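**Student:** Let me begin by handing over the structure; questions about it come next.
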Amino acid sequence: MAEISEAHDSDSSKLQDSGSEAPQRPESEPDFDPKTMRKTKPGLKRLFLTFSVLFSFLLGFPFLWKSVEIYRSPLPFREIDSLSTQLRSDNLLFPLHFHALFVGFDSEPDGLRRSILSEIAKLASQNPKCSNNYTLSVTVDLDSRCLRSPNLSPHSSTYQCGSITATDFVQNDDVAVDKRLASVFGGKTKEYSVAVVKGGSERAVVGKHRHAWLVVGDGSEVEVAAVKVAELLVKVFINGGREEGSIRNEFMPVGADGKIVLSFNLLNADPRDWVYDWDFEKIDDTLLAPMIEALAPVANISVESQVLYHTPKASFSYWNQKLESYVFSTKDLPFFVNSNEWHLDTSIAAGGRSKILQFAVYVPSAKECPLLLQLPNGEISKTNGFISPMWGGVVVWNPQGCLKDSEFKPSTKNIIPIQDLENMFEVFIGQFRQLFGFKSVNVYAGASGDWNLLPSERGFTEWELDVLSRQHTCFNLHSCATTLGSLSRLVQSLPRMIIMDEIGKQVKFSLEAAKLALSNASSGVYESSAASSSKASSLAEDAFFHPSIMSVSYYSFEHCFAVYSPFFLPVSMHVVLAALRELRRYKQENAKYLAWKAKANAAS
Amino acid sequence: MALLRRPLLLLLLILTHQFLHSWIVFGSVNEEGQKQEEFFEELLLKPLPDRKLLTHFHFQSSAPPSSSNGRHHHLFPKAISQLVQKFRVKEMELSFTQGRWNYESWGGFDSIPSSNAKPPGVELWAVFDVPQHLIDAMWKNLTHTLSGLFCASINFLESSTAYSAPEWSFPPASGNLRYGTLPREAVCTENLTPWLKLLPCRDKAGISMLLDRPSIYRGFYHSQRLHLTSTGSGSEGLDPGIILEQTLTVVLLPNSQRASLARASEKHVQPSWSLSSIFGKEVSGKCVLAETSNVYLLLDRGLVAELKQLHKENEKSAEKVSTSENNWTNPSFELSAKPDRIFIEESSLLSKNPSILYKFEVEKYSESEPFDLGLTWKIPVVWLCQQAPLHASRFLMGSGNERGAIAISLKSTQSSEGFVGANFDDERCELQVDVFQVVPWYVKVYFHSLQVFVDQQPKAVSDIIEKIHVSPSKDKVSPGVMELVLKLPCSVTSAALTIEFDKGFLHIDEYPPDANQGFDIPSAIVSFPNFHASMVFLENDSLNQSPLLSKFQEKSPVMSYTEVLLVPLTTPDFSMPYNVITITCTVFALYFGSLLNALRRRVAEEERFLKDKAAKKTGRLPLLLSKLSGKLRGRQSEPPHSTPGSSSLVNSKLVFKVILIAGLARVEMYADQVEGAGKRSVKERLNVNSFDNSIPRRQVTGKRQRQDEKWEHDLYQDVPQVSNRKVDARDLRLKLQKKSLQQVSQSGRGALSGVRDLRDKLSGTMNPQPVNADPPKLKSNAAKPARRSVAVETSEPEPKKAATMTERKKAQQKADASVEGFLQSLGLEKYVITFQVEEVDMTALVHMTDDDLKALGIPMGPRKKIILALESRG
C-alpha cells in the first residue's frame, strides 16, 4: 500500500530508457490514471536479481547444513525396540525335559503324570522375566511291563526299561549309584531324570549330573513320592535349590564383559609376630582349575594371588574367656574389611569392566590370636568366614596353637599347611557358590522332605551349571536389551551427538548375538546361548560406554546457532526483505499494467 | 595343674611337629631350584659440603622368572608385575622430583647423582619388548595405567607431542625406547603413598618408617624413583623375572640451631645430626620380610682426604679410633652407634683417598632399643664433592614474543684435571659429551642456526660436533629432538651451544589454564660416556651382596640434567574468537544489505520524487528527515501526509521491528552465554596467575586442576563450583610445598588457611566478650590462635594435611556409621556391608533410586523399606 502512493510515477521508471517522457503521457491520454495504471509491462530485472540472491542463499543452505552436519552412524532403532518388546512380551522360554521313572510301582503313568504336573504348576512361581517351558514324561517300569506316559512324546527318553532295578540302590555308596545312573540316563539329551525306586532304605539324593533318585519303603504311597518328585523338579532342577530372597535371583557376579577375576589375598595382620606364606600354585592347579573349567560357559575366570603384610582389621574383637579366644561379632562385620590398609588393589590385568572378586585369608596377629567369628545367634561360625555380595569373601585362619603357649614364636617365614589350605579353599568355593546364589550346604530341605545334594569335585554340578547358564542367559539378554534401549533413547534425544561407525557396528553385532542367544535358548542349547548372550551384553555395554559417547564435547544445536546466527540473521533479513518488497512491488505494478490493458482493450 | 600341663605338652608336641612339617615343606620349595621373591631395604647417608645431608633410600624387590609368578606373588607387588606383563616392558624408569639437584655443591660424579638426580617434575622412560609399530600404543596404555597407579597426571604423556624416541644419546638407548617428561608436575604425598604401597612393609616397619612426610617434603630436593628391569624374557612359557628398584633421594638441612647458636663464630663446623633429629623418627628393627636391612654412612673421597689432611696438621699422635659402649669416635667426628663394618673403596684410580663406608645392620635393633644413628662433628671441615668434568647449564636468550635462542653452556669444573676416560687416540686429548634435547613443537627450532663456542671463540660446527641426529618437530604431532655428540679438547674451560627458535602459535584449545605462566622446555641431558661413576667396595661374603653396593659398582655413565626453561608465548585474549566471529558477521551483513539496496535502487524515480516534494514546498526539516529515512530504507520515503491506509502499515512495521529486536536479543543472549563462559575462565586464569605470582612458580600447578580445566572447557554451567574446588585443591597442595610465612599471610585467597585464620580470629574476638573481666587473658586468647595456626602452617605443612585427611576420613566414617544406624533402625543390618563395599554414605544413599539399590543387590522388600524411610526422612 505504501507503494501505491509512490507508484504514481514509477511506471515510467520501469521503462528505463523512456522514463523521462513518462510524465508527459498522462496529458496525451485523458482516461489514463497514473495512480492506478501503467502502460508498460513492469520490469523484471530487480525482481530477478533479488530472487536470484535469495535462491542462491536457499540453495547454499543445504550445503552449509551438510558441512556442519555431525556424523551419525545409523543405528537399528527398530530392531532394538523389537528385541526389547520381544523380551518383555513373550517371556524367554527355556525348554526343560523332565523324566520321572517309577521302578517297582504298579500304577498308571498317565495318572502319575497328571498329578506331578499339577504339583509342578502349584509350586512353580513364574519368574516375571524368564520362565520355562517344561515337558514331562513318566515311565513306570514294573518287572516286565513298561508303561510310558505320553506314548509318542517327541523328547521321549532313551531309557530302556529294565536297565534299573531296585538292587542297584541297595548299596549305600551314593557316588556309585550316581555313576550307575549316569551310565543309564547319560546320553546326548539334556533331560532331567528322577528315578523313584520302591524297596530299600529311604533316601533321596540329587546326583552330580542331571538326575536324582528317591528310594522309598515298600509300603509307601506313590502320591507322596510324586509330590516329592514335583518339588525336586521345581525347586532344585529349575531354581537351583536356592531360597527366594536370599540373594536376588538374576544377580550374577560376572563383569559386563563376561569376565571374573578371582583375586586371592593372604593377609598377615602383623608380620612382626609371624609371617605365613602359602603354596598357592598347588591349590590353583588342584582345586581351582576344575571349577574354572566347569564355569567356562558362564564366565571367563582368571585367578591371581598375592600376600600382603601389615594389614590389621578395622575393628576390635573382644576376649571370650569361655572359648579362650577372641570373638568378633557379626554386628561389627562391616568394619572387618579395612580398606585403608588392605591394598587388595584392582587388577591391572583385568579389563575395565570385568568383575573382581576378592577372597582374603586373614591371619590374625598375636594380639588377637585365635580369632573367631560369631554368628548373630551367638554361635561360632564353623567356616570362620563371611561373604560380602559383589565384593567377595573373607576367611580367618588362626595359626595352630597361637595362643596356647606364649613361647610359640615363629620368626621367619612359615607355610600354611596344605591341609588347612585345602579346607580354606573349600570354604572359598562354598563362598563362591554363595555369591552365585547356591547353597553351601549339601542338603536341600524342601517342604516335603530333604534331598541330599551330591557335591561335585568341580565345585558345581551339571544341573547347577544349567541353572546358572539359564539364569545368565536371561540376565544378559535383559541387560543387553535395556542397555541398547537406553542407548537408542539417548541417541534419539541428542540429535547432534556424534555416533561413530564403531558404535553402529557394535550395536549390530550385539543384536545378532542376542538373536542367536534367543534362538539357542529356545532350542535348549544352554552353553552356547549363555556364551552368545554374554557376548551380546558385553557388546551392548561396549557401545554404550564407547569413549566417543562419554565425551561431553558434542556439538550442540545451541552452539551451532550461536556461531552462525550473527551472520545469517542480519544477512537473511536483508535478502528476504528485499525479495519480498520487490515481489510486492512487481505485483502492484503488474496489476496497474493489467488495469491499463483492460481499459485499453475496453476502449479499443 | 598336672592335668593342665599335659595337654599343653601334647599341644607343644603337635606344634613342633607341625612346624617341622611346615619347615620341610618350605625347604622343599626352596630346593626345587625356584628362587624366591626377595626384598632388600637400605639407607645411605652422606654429609654434603654445604651443611646438608643426603639421604638415599633404596628398596629392591625381585621376582624370579617362573611359570606362575605372573599371577601369584608373595612379596613382589602384583600391580607392577601385571604392568610388566601387560605392556611387555623391558625396562622402565619413573621419577617424581621436586627441587633441583645442585650439581656444584652436591657433586655430579658419584653414582648417586648420576642415576638419581632427576629433572623436576615427572620423568618417564620405558623400553618395550614389542614390534616397532606397537610401541606407541603400548606407551599410551602404560602412561594411563601409571597415572592411575601413582595418582599423577602421567597420562598427559600420552599425546605424541609429549614424548619422543631418542636414538642413541639417552643411555639405555635402543630403538624401542620412549622418553617423556612433565616438568610442571607437582609432587606430593599423593604420589608417595602409592609408591610406598609397592613395598611389602609399606611404611609400617623397617627403614621406610623413617619416611616422615613433613620432613621429606621440607627438604631441598627429593626425588622418588621407580626403576624396573625385566630379566630374561621367558622363552618356553616362563614369565620374565623382574627387578624393581625403588629409591627415594632427599637432601635435607639438619636442624642445627643449637649448634649454630653455641658456636656462631665457627661457621665451618658442620651441623651434627641424628636420624631422629632429621626425620623425627627412629628405626625400630627391620622389616621382617627384608633379606637385608642396612644403613650406610658414606664419607666421600673429598671428605676423607680433608680429614686426613687435618689429622696430619693437627697432631701426629692422633688417638686411634676409640669405641665406648654406644658411641664410636674418630678424631674428627663421633657416631652414636658402632658401625658393624667399615668398607674402604677399592682401586680408586682418581684419587689416592678412597671413600669410606660405614655399615650398620638394623637387624640388631628392636623396638625397645631403636636405631638412631647420630653424627657429631668435632672439628670444622671444608671439602668439595667430586664434580662431573663439565658443569652444564642452560638459558634463554632474546626477548619478545616472537623469537629467541636456547643456549647450553658447559663450564669446566677444573676439579679433575687429568681426565682419565678421555680419548688419547690421536695425540689430541678429547672429551666426549652427549647432549640430548627435546623441544616442544611450538618452539620452532632452526637447526641451521646451531652455533658452537669453545672458550668464547666461535668454532665451525663440524669441528666440534662429531655426530648429530635431528628429528624436526611436526606441528601438533611430535616434538623436535636433537641429539649431539661433541668432542671438546680436554683443555676446554667453557663451551656453549646456541640455537635459535621462533615461537609458534597454539590453537586456543591447546593453551593450559595458566597460559601466562609460560611453557616449559624440558631439561637437556648432558652425559659423559667416557666417564663412569662407580665405587667398588669389596665385601667378604659375596652371598650377602647388598643391592645398593652392587648398584655402586655398576659402571653408569656420568649424567647431568640442565634446568627447565620457561618460554613465554603470546597468550591470546580467550574471548577473541567469538568477538571476531561477531564482527566479521556484522561486516558481512552490512555489506550484503548495502549491496542489495544498491542493486535495487531506482535513481530516476527517487530524483523525480524529490523534485515533486520540492514543488510541494514542504519545510526543510521534514524534507531532510524524509530524505534520511528514504536513504535508510533504501527507497523513496513516503511523505508524512500519505494515504490513510498507512496506519496499519506502521503497525506491521512495528511488529516486525519488535521481532527483529527480540531476535537480536536472543542472539545476544547466546553470545553472552558462550562469551561469558570464555571470559570467566579467562578471569580464573588471570586469578591463577595473580595468585601464582606470590609463590615460586614451579610449585603451583595442581594435577587435578588440569583435568578440571579440561572439563571446564566443556561444562559451562559448573564453572563456579569447579573453581571453588580448585582453589581448595591448590591450597592443600600449596601447604605441602613449603612456603614462607609471609606468603601464607599475604595470599589471603588461600581458602583453607585464610578461613582458618579468620575463624580463629573471630572466635578469639567473640569468645572473650562474656569474660570481659580479665583483659590479659583475653588478649592472649585472641592473639594465640592466630599465631599458632600460622606457625603450624609454615613449619609443619604435612600434619595439617594429615589432619584434614583424617578429618575427612572421620567424617566419612561418621556418615557410614549413620548409614549403618539408618539400616539398623530398619532392621537391615545385614546389608550394611553391601553399602560399605560400594562406599555409599548417607549423602549418597539419600540420592539413590530404586534402581541403584537394585544394582547393589538389595532384594525388593528391604529396598522398598529403605526408599520409604528415605522419603520419610527427606
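**Student:** Please average, across the residues of A:576-582, the number of beta carbons from any other chain that are within 10 Å of each residue's own beta carbon, and give a whole number.
**Tutor:** On the way: counts 0, 5, 8, 2, 0, 4, 3.
That works out to 3 on average.
**Student:** Another one. Neighbour counts of other C-beta atoms within 10 Å: give me B:470, B:837, A:196 arranged from fewest to most.
**Tutor:** Exposure proxy ranking, most exposed first: B:470, B:837, A:196.
**Student:** Now a separate question. Calculate the FRET efficiency for residue B:367 and residue B:231 from the Cβ-Cβ distance with a Förster distance of 51 Å, rounded to the nearest 0.05.
**Tutor:** Plugging the Cβ-Cβ distance into 1/(1 + (r/R0)^6) gives 0.90.
**Student:** Taking each residue in B:582-590, count the Cβ atoms of any other chain within 10 Å of its Cβ, then average. What number comes out? Before the final figure, lay out the partial values.
**Tutor:** Values: counts 3, 1, 2, 9, 3, 1, 5, 9, 3.
Neighbouring Cβ atoms belonging to other protein chains average 4 per residue here.
**Student:** First measure r as the distance between the Cβ atoms of residue B:570 and residue B:379, then evaluate 1/(1 + (r/R0)^6) with R0 = 35 Å and state the FRET efficiency to the nearest 0.05.
**Tutor:** 0.05
**Student:** Rank B:508, B:435, B:447 by how far each Cα sits towards the positive end of the charge dipole of region B:424-515 (+1 on Lys, Arg Cβ; -1 on Asp, Glu Cβ) and give me just the farthest.
**Tutor:** B:508
**Student:** Mind sorting B:269, B:84, B:435, B:130 by how few other Cβ atoms lie within 10 Å of their own Cβ, fewest first?
**Tutor:** B:130, B:269, B:435, B:84
**Student:** Taking a label point 7 Å from the Cα of residue A:70 along the Cα→Cβ vector, which residues of region A:472-510 have an amide N closer than 14 Å to it?
**Tutor:** Residues A:490-501 qualify, since their backbone N sits under 14 Å from the label point.
**Student:** Between residue B:855 and residue A:142, take the C-beta separation as r, use R0 = 60 Å, and let me know the FRET efficiency to the nearest 0.05.
**Tutor:** With a Förster radius of 60 Å, E is 0.65.
**Student:** May I pose another question? How do A:576, A:298 line up, fewest other C-beta atoms within 10 Å first?
**Tutor:** Ranked by crowding around the Cβ, least crowded first: A:576, A:298.
**Student:** If I model region A:357-486 as equal point scatterers sitting on the Cα atoms and use the Debye formula, what is log10 I(q)/I(0) at q = 0.11, 0.12, 0.13 Å⁻¹?
**Tutor:** -0.57, -0.66, -0.74
**Student:** Also: For peptide A:40-47, compute the average count of partner chain beta-carbon atoms within 10 Å of each residue's beta-carbon. Don't skip to the end; give the middle numbers.
**Tutor:** Details: counts 0, 0, 0, 1, 0, 2, 5, 1.
That works out to 1 on average.
Bear in mind these aren't lab numbers, they're just calculated from the coordinates by the rules spelled out. Not measured: the values here are computed from a predicted model. Heads up, the Cβs are rebuilt from the backbone with ideal geometry, glycines too, and the neighbour counts pull from every protein chain shown.
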